[in-house]
1. Take Gly39 and decide whether it is touching a residue at least 60 places away in the same chain (Cβ under 8 Å) and open to solvent by less than 40 Å² (accessible area, probe 1.4 Å).
2. For the list (1) assigned to a helix (DSSP H, G or I); (2) surrounded by fewer than 18 Cβ atoms within 10 Å (Cβ to Cβ), I need the number of the one condition that Ala78 fails.
3. Pick from Leu67, Leu75: which is of a type outside the set (Lys, Arg) and closer than 21 Å to Asn183 by Cβ?
4. Is one or more of the residues making up the stretch 13-24 over 18 Å from Ile129 (Cβ atoms) and either in a strand (DSSP E or B) or not aromatic (Phe, Trp, Tyr) (or both)?
5. Going by the structure shown, is Ala52 open to solvent by less than 60 Å² (accessible area, probe 1.4 Å) and under 19 Å from the mean Cα position of the chain (by Cα)?
6. Considering only residues that are under 20 Å from Leu7 (Cβ atoms) and open to solvent by 40 Å² or more (accessible area, probe 1.4 Å), look in the stretch 203-233 and name the one that is nearest to the chain's Cα centre (by Cα).
7. Can you name the residue in the stretch 247-258 that is aliphatic (A, V, I, L, M) and in contact (Cβ under 8 Å) with a residue 24 or more places away in the chain and, of all such residues, is least open to solvent (accessible area, probe 1.4 Å)?
Amino acid sequence: MIPSVILTTYNSPDWLQKSLIGFACQTHRQFEIVVADDGSSSETERVVRKIASETGLSMQHIWHEDLGFRKSTILNRAIEAAAGDYLIFSDGDCIPRSDFIAQHLRFAAPRRFLSAGMVRLPRDLSHRITIADIRSGKVHQSAWLAKQGMKLGPKLRVLLGFRRAAILFDLATTTRPTFNGHNASAWKSDVVRVNGLDERMEYGGLDRELGERLVNAGVRPLQIRHRAICIHLDHDRAYIRPECLLKNAEIRNETRTLKLIWTPYGIVQTLAEIRSQKAA
């Protein structure tokens, strides 16, 4: 099985480069990357071409015009373009551990999606991490991160020294498995069956809503948040709007209450639905 990794990005070429280098260091080598670009400048395309040339990674760059936050829309276009039967979702500001893809494939099973985890880095450390740090694997070593000033909390302790106990952490955690856009995976056929992301949604739960429809369709989540790890580079979020968070919450509440499976505002849309969406 050759999976497709779908990475979202928007005008963060330095962070995207660090993420792509992390994928170039994977133990499982057979995969493609689909960069879902929500309207970045040409610098992002330059980074994609450069890293593809230097590393041999198989990459597609899916781009649309910058008309505001349209992550759901570009994700749907990336899902359509993905060649793999299995989709691994992450963000262009996340650096995967070297076994990231291998772990997702290890636990992939029919009628299942995987909910995995991340460790957030502070802003200053996000900037200080070098390509050499990523290639050496230091960025995923708890002792090294602690030396860089991070507090040695539970998540850091899981990163490397406790890998063998990761399954126990996953079994013991009280955190509910959800579909998290920074680190989740599912079969393309299941994602297409529920019509992908709801394109009405902006920042705030758009990935969770997809997961809720997958569950309504009988696709069950498995928690692997301590077994498939990535680290998240900090950045500004100027696109967060309170009114959109409220709208997203209403859509999610409807999905849960009515146990919806299909969104009419997803990959497949009728002309009437498109006009309705634009009017809203």
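1. Answer is no for this residue.
2. Tallying (1) assigned to a helix (DSSP H, G or I); (2) surrounded by fewer than 18 Cβ atoms within 10 Å (Cβ to Cβ), Ala78 fails exactly one: (2).
3. On the way: Leu67 fails: closer than 21 Å to Asn183 by Cβ.
When all the criteria are applied, what remains is Leu75.
4. Filtering the stretch 13-24 for residues over 18 Å from Ile129 (Cβ atoms) gives none.
No: zero hits.
5. Details: open to solvent by less than 60 Å² (accessible area, probe 1.4 Å): yes; under 19 Å from the mean Cα position of the chain (by Cα): no.
Answer is no for this residue.
6. If we take residues in the stretch 203-233 being under 20 Å from Leu7 (Cβ atoms) and open to solvent by 40 Å² or more (accessible area, probe 1.4 Å), then Arg208 is nearest to the chain's Cα centre (by Cα).
7. Applying the first criterion (aliphatic (A, V, I, L, M)) to the stretch 247-258 yields 249, 251, 258.
Then drop every residue that is not in contact (Cβ under 8 Å) with a residue 24 or more places away in the chain, which leaves 249, 251.
Details: Ala249: 51, Ile251: 11 Å².
Taking the candidates together, the pick is Ile251.
For every residue, the table says whether it meets (1) within 28 Å of Gly149 (Cα to Cα); (2) within 16 Å of the chain's Cα centre (by Cα); (3) not aliphatic (A, V, I, L, M).
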| site | (1), (2), (3) |
| --- | --- |
| Asp85 | no, no, yes |
| Phe89 | no, yes, yes |
| Asp93 | yes, yes, yes |
| Phe107 | no, no, yes |
| Arg112 | no, no, yes |
| Met118 | yes, yes, no |
| Asp124 | yes, no, yes |
| His127 | yes, no, yes |
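The values are calculated or read from the model by the stated rules, or taken from the named source; none is laboratory data. This structure is a prediction, so every number in the text was calculated from the model and none was measured. We place every Cβ from the backbone using ideal geometry, glycine too, and count neighbours over all the protein chains shown. These area figures cover heavy atoms from the full protein model, side chains too; ligands, DNA and RNA do not enter into them. Shrake-Rupley method; radii C 1.70, N 1.55, O 1.52, S 1.80 Å.
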